[in-house]
Amino acid sequence: MSFTVALIQGDGIGPEIVSKSKTILAKLNELYSLPINYIEVEAGDRALARYGDALPKESLKVIDKADMILKGPVGESAVDVVVKLRLMYDMYANLRPAKSLPNVESKYANVDILVVRENTEDLYKGFEYVASEGVAIGMKVITWKASVRIAQVALNESLKRKKKVTCVHKSNVMRITDGLFAEACRSVLKGKVDYSEMYVDAAAANLVRNPSMFDVIVTENVYGDILSDEAGQIAGSLGISPSANIGDNKALFEPVHGAAFDIAGKNIANPTAFLLSVAMMLDRMYDLSKEEKYIRAANALRNAIYKVYQEKKSLTPDVGGNSTTDDIVSVISQYLS
Ligand code: ATP
Ligand code: MG
């Protein structure tokens, strides 16, 4: 099975991270005979400045035909790009792994959690209005269909891991909405994996108390937004966290960090989060094709990254080193095999 990927460089540190990482994308294609065709498209602040549209029609044409989207961080117009794409292609699952890397300072060792966040409904649906002066109302939308399909994603992911899922909600207070979400998760997950439920306040506390009690967390949009940032920070740094937005027909992979204009063009940006997002993209290609070469490439890339962190000597300043983006990219590339 072959794949077409629309590649968006993004803004700030995006273009340097993405363009320098291209040697790694090419090497993976070559080493593992991957039929992945990358097509570059413009989107973000620079596209907005040039065409008056953060997501120009020409780009959308390519994206529409592509199987996946791989993007660097986008600046101010990030919402116009990612939120729009997420809605257009119903990318309903947001996957955020939080995993420690060697030599990245953190209060916790060996954090390895995957937050599976429902991405389309809940309070973020945007149904808000002013009921009367000084009274604003927002509506929480939870559907059985969306809850079941996110639970299904959590099940699939957990089967590749420790087969342990914690469903996070607050059904003691929001009996109807969160009650429905919990019931849907139970119907999909109970009996198939080590399944438990936790109220969101307890989950937030437990994450900082003892992160090792979690493996996969499945939760609603708002709780997932907050808990995934918390988990990422516990693992060491948001700056090294990758993410995936997955739908049935399209998926988008991107680093969690922003455009970081303060360090753009200085050749010191850390490409780790972007490259770990590439590994997640390869995982997805394996899921869809069941062809071993994709998972082998994903693991090779992750192993090369871990090795560089273990050795410590080629790290960028944000993680305590004094190497350049070029340095770390070339060492990771060298370690691919
Ligand atoms: P946003 O507007 O989305 O918050 P941002 O540009 O503020 O985007 P953040 O992800 O919030 O970016 O990052 C905050 C700071 O962390 C950046 O200004 C930068 O100094 C540093 N940083 C973020 N990502 C990286 C990276 N990949 N490499 C090195 N430093 C980074
Ligand atoms: Mg910021």
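Considering (1) surrounded by 20 or more Cβ atoms within 10 Å (Cβ to Cβ); (2) part of a loop (DSSP other than H, G, I, E, B); (3) of a type in the set (Ser, Thr, Tyr); (4) touching a residue at least 24 places away in the same chain (Cβ under 8 Å), say which one TYR294 fails and leave the rest.
With (1) surrounded by 20 or more Cβ atoms within 10 Å (Cβ to Cβ); (2) part of a loop (DSSP other than H, G, I, E, B); (3) of a type in the set (Ser, Thr, Tyr); (4) touching a residue at least 24 places away in the same chain (Cβ under 8 Å) applied to TYR294, the lone miss is (2).
Per-residue answers, yes or no, for (1) surrounded by fewer than 22 Cβ atoms within 10 Å (Cβ to Cβ); (2) of a type in the set (Lys, Arg); (3) more than 30 Å from PRO211 (Cα to Cα); (4) within 16 Å of ligand 1 (Cβ to nearest atom):
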| site | (1), (2), (3), (4) |
| --- | --- |
| GLY14 | no, no, yes, yes |
| LEU25 | yes, no, yes, no |
| LEU28 | no, no, yes, no |
| GLU42 | yes, no, yes, no |
| ALA47 | no, no, yes, no |
| ALA54 | no, no, yes, yes |
| GLU58 | yes, no, yes, no |
| LEU87 | yes, no, yes, no |
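Given the condition aliphatic (A, V, I, L, M), farther than 23 Å from MET213 by Cβ, surrounded by 18 or more Cβ atoms within 10 Å (Cβ to Cβ) and modelled with pLDDT of 95 or more, answer yes or no: does some residue in the stretch 128-143 qualify?
Checked against the condition, which is being aliphatic (A, V, I, L, M), farther than 23 Å from MET213 by Cβ, surrounded by 18 or more Cβ atoms within 10 Å (Cβ to Cβ) and modelled with pLDDT of 95 or more, the stretch 128-143 yields at least one hit.
Taking the condition in a helix (DSSP H, G or I), among the hydrophobic types (A, V, I, L, M, F, W, C) and farther than 20 Å from ASN110 by Cα, does VAL331 pass?
So VAL331 passes the test.
From the set of residues in the stretch 60-77 that are among the small types (Gly, Ala, Ser) and in contact with a helix residue (DSSP H, G or I) (Cβ under 9 Å, 6 or more places away or on another chain), which is surrounded by the fewest Cβ atoms within 10 Å (Cβ to Cβ)? Don't jump to the end; show me each part of the working.
Initial filter on the stretch 60-77 (among the small types (Gly, Ala, Ser)): 66, 72, 75, 77.
If we keep only those that are in contact with a helix residue (DSSP H, G or I) (Cβ under 9 Å, 6 or more places away or on another chain) too, we end up with 72, 75, 77.
On the way: GLY72: 29, GLY75: 20, SER77: 22.
Among residues in the stretch 60-77 that are among the small types (Gly, Ala, Ser) and in contact with a helix residue (DSSP H, G or I) (Cβ under 9 Å, 6 or more places away or on another chain), the one surrounded by the fewest Cβ atoms within 10 Å (Cβ to Cβ) is GLY75.
State yes or no: is GLU105 within 16 Å of ligand 1 (Cβ to nearest atom), over 20 Å from the mean Cα position of the chain (by Cα) and acidic (Asp, Glu)?
Considered against the rule, which asks whether it is within 16 Å of ligand 1 (Cβ to nearest atom), over 20 Å from the mean Cα position of the chain (by Cα) and acidic (Asp, Glu), GLU105 comes out as yes.
Any chance you could count how many residues in the stretch 10-43 are in contact (Cβ under 8 Å) with a residue 60 or more places away in the chain and more than 16 Å from VAL329 (Cα to Cα)?
Qualifying residue count for the region: 8.
So, in the stretch 245-270, exactly how many residues are more than 7 Å from ligand 1 (Cβ to nearest atom) and either crowded, with 23+ Cβ neighbours inside 10 Å or more than 23 Å from TYR309 (Cβ to Cβ) (or both)?
Residues that pass the stated criteria total 12.
Can you run down the residue pairs with Cβ atoms below 6 Å, 6 or more apart or on separate chains, where the first is in the stretch 253-270 and farther than 26 Å from LEU85 by Cα and the partner is near ligand 1 (Cβ under 7 Å from one of its atoms) and of a type in the set (Ser, Thr, Tyr)?
ILE268/THR316
The values are calculated or read from the model by the stated rules, or taken from the named source; none is laboratory data. Since we're looking at a predicted model, the values are computed, not measured. Glycine also receives a Cβ, built like all others from the backbone with ideal geometry; neighbour counts cover every protein chain displayed.
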